[in-house]
């Protein structure tokens, strides 16, 4: 009888007071209760929600970093522009403080320096006088009968400027209109 009992133990059978033998090949994390279709769908939904939340957080971080980078670039550009304009302000202060002849020439030199600085920053004056009127570049303040072709710009009241391809300010102009037969 004892031999029969030993055979049962050898075969992995349960004996009184002893725990059943466990299969060590399964990890606790791999053991899952059988799932029905609802549980599987719920699990997939939770995984997708977690993915969406991570993506939303990543997007928000990207947006924040982009805004910080944009602000840094803006400050850097403004700093560069101000650094280039300060010598012009210095020259104007010297011109105001100067007495005597040559003040007008000094201001003219300062204006030329200022224009060169603006040009170096990419600012271009819009060509106007003698050019055909373009409503995208020019703003007509007056029309005047003229022997010039109709729509030709006769006079510039205020120059216009472009930065790159973008119009900063249109030129204010007087435009030719056809001579009337009554005159």
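Observations on the model:
- Check on residue 156, in contact with a strand residue (DSSP E or B) (Cβ under 6 Å, 6 or more places away or on another chain), within 25 Å of residue 85 (Cβ to Cβ), surrounded by 14 or more Cβ atoms within 10 Å (Cβ to Cβ) and in contact (Cβ under 8 Å) with a residue 12 or more places away in the chain: yes
- Residue within the stretch 113-126 that is at pLDDT below 80, within 29 Å of the chain's Cα centre (by Cα) and surrounded by 12 or more Cβ atoms within 10 Å (Cβ to Cβ) present: no
- Being modelled with pLDDT of 80 or more, surrounded by fewer than 10 Cβ atoms within 10 Å (Cβ to Cβ), farther than 30 Å from residue 177 by Cα and outside the structural domain of residue 173 (by TED's automatic domain parsing) is not true of residue 70.
- Cβ pairs under 8 Å, 6+ apart, first in the stretch 103-124 and free of Cβ contacts under 8 Å to residues at least 24 places away in the same chain, second assigned to a helix (DSSP H, G or I) and loosely packed, with under 14 Cβ neighbours inside 10 Å: 106/94
- The stretch 159-183, residues that are exposed (fewer than 14 other Cβ atoms within 10 Å of the Cβ), more than 27 Å from residue 81 (Cβ to Cβ) and touching a residue at least 24 places away in the same chain (Cβ under 8 Å): 178, 179, 180, 183
- Considering the stretch 165-183, the residues that are touching a strand residue (DSSP E or B) at 6+ places or on another chain (Cβ under 9 Å) and assigned to a loop (DSSP other than H, G, I, E, B) include one that is nearest to residue 139 (Cα to Cα), namely 170.
The values are calculated or read from the model by the stated rules, or taken from the named source; none is laboratory data. Just so you know, these numbers come straight off a predicted model, no measurement behind them. Note: ideal-geometry Cβ built from the backbone for every residue, glycine included; neighbour counts use all protein chains shown.
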